[in-house]
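Structure, as structure tokens:
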Amino acid sequence: MSKLDRSNLREEIYTIIFGTDTPAGKRFDIILLVLIALSTLTVMLESIVELNTDYGAWFIWAEYTFTFLFTIEYILRLWTARKALGYATSFYGIIDLLSILPTYLAFFVSSTHFLTIIRIFRLMRIFRVLKIARFMREGDALWISLKASRAKISVFLFAVFNVAIIMGTIMYIIEGAEHGFTSIPRSIYWAIVTMTTVGFGDIHPHTDLGQFFSVILMVVGYGIIAVPTGIIGVEMFKTPESKVNQAEKSKLKPRHCNNCGRTGHLEEAKFCMQCGAEL
């Protein structure tokens, strides 16, 4: 095969794999989404003991087939991408790689093939296939809000962890091993379970003083649950004004990079701002 023929073939494959605007590209993405859904369903059904006993061999061969197809797809994406490294380090590129690795790791570590359930993240391509750009923008707004609030959340979680250590230690002193609080780490586990209002009930205080501190911790727990929601909510309220509207003023268009999936580029942009691929 000549260099020109190879170049033409590469361009044709690129159009099919990354070209969601073309009929062939859309068909490819729809088939891919169906295969991803089937492979995810296979992993879930395989975990059912009765089905695994009767159809275990079929599940194994199905998994090998899906992994083979996804491996070929990943290789073709690397080969045809305008910048292979840009695709490999993008969100979709990392998910594509992680979705096939567990099957190969299963040859060395048993049961790791169940981690292929991560393929469910690949279904996010449906937003690009169906051109639901609004949902992609909402996802970007959520991500911006999370990044903007990460410092506050970190400080808050650190404070919560300190409260859990203090309360766990107090309960260890009050209740002692005879009531199930056999160590400070185990008492901290109880404190975290109580603060999050989960309440497994495997450990609980028996003394009046211990129950008094439990009530205090439960009340604190309700406040703790509300704080992160408020922090992120404030940032999400600010995001449309400070980020999204600013993007609109800068003429950001809700189009996608076919190489890495980045949403939103300047109207006059010719290359992706994330991976550098030609738009």
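The values are calculated or read from the model by the stated rules, or taken from the named source; none is laboratory data. As the structure is a prediction and not an experimental result, all values here were calculated from the model. Cβ sites come from the backbone with ideal geometry, for glycine too, and all protein chains shown count toward neighbours.
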Legend entry - Members of segment 12-53 found to be at pLDDT below 85 and among the acidic types (Asp, Glu), listed by number: 21, 29
Inset, instruction - Go through segment 164-191 and give me each residue that's charged (D, E, K, R) and either in a loop (DSSP other than H, G, I, E, B) or loosely packed, with under 14 Cβ neighbours inside 10 Å (or both). - result: 178
Inset, instruction - Name every residue in segment 36-50 that is crowded, with 17+ Cβ neighbours inside 10 Å and either among the aromatic types (Phe, Trp, Tyr) or more than 19 Å from the chain's Cα centre (by Cα) (or both), in order of residue number. - result: 42, 46
Legend entry - Check on residue 115, at pLDDT 85 or above, assigned by TED's automatic domain parsing to the domain that holds residue 8 and among the aliphatic types (A, V, I, L, M): no
Legend entry - The lone exception for residue 197 - which of (1) touching a Phe, Trp or Tyr at 6+ places or on another chain (Cβ under 8 Å); (2) of a type outside the set (Phe, Trp, Tyr); (3) surrounded by 14 or more Cβ atoms within 10 Å (Cβ to Cβ) it fails: (3)
Legend entry - Single residue of 17, 94 found to be surrounded by 17 or more Cβ atoms within 10 Å (Cβ to Cβ) and within 22 Å of residue 279 (Cβ to Cβ): 17
Inset, instruction - Give the number of residues within segment 53-77 that are within 23 Å of the chain's Cα centre (by Cα) and surrounded by 15 or more Cβ atoms within 10 Å (Cβ to Cβ). - result: 9
Inset, instruction - Among the residues of segment 143-163, write down those that are closer than 21 Å to residue 212 by Cβ and buried (at least 16 other Cβ atoms within 10 Å of the Cβ). - result: 160, 163
Legend entry - Number of the condition not met by residue 134 [criteria: (1) of a type in the set (Lys, Arg); (2) buried (at least 16 other Cβ atoms within 10 Å of the Cβ); (3) modelled with pLDDT under 70]: (2)
Legend entry - Test set (1) closer than 12 Å to residue 116 by Cβ; (2) crowded, with 17+ Cβ neighbours inside 10 Å - residue 29 fails condition number: (1)
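Results for (1) part of a helix (DSSP H, G or I); (2) touching a residue at least 12 places away in the same chain (Cβ under 8 Å); (3) not assigned by TED's automatic domain parsing to the domain that holds residue 99; (4) not aromatic (Phe, Trp, Tyr), shown as yes or no for each residue.
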| site | (1), (2), (3), (4) |
| --- | --- |
| 13 | yes, yes, no, yes |
| 33 | yes, yes, no, yes |
| 54 | yes, no, no, yes |
| 63 | yes, yes, no, yes |
| 68 | yes, no, no, no |
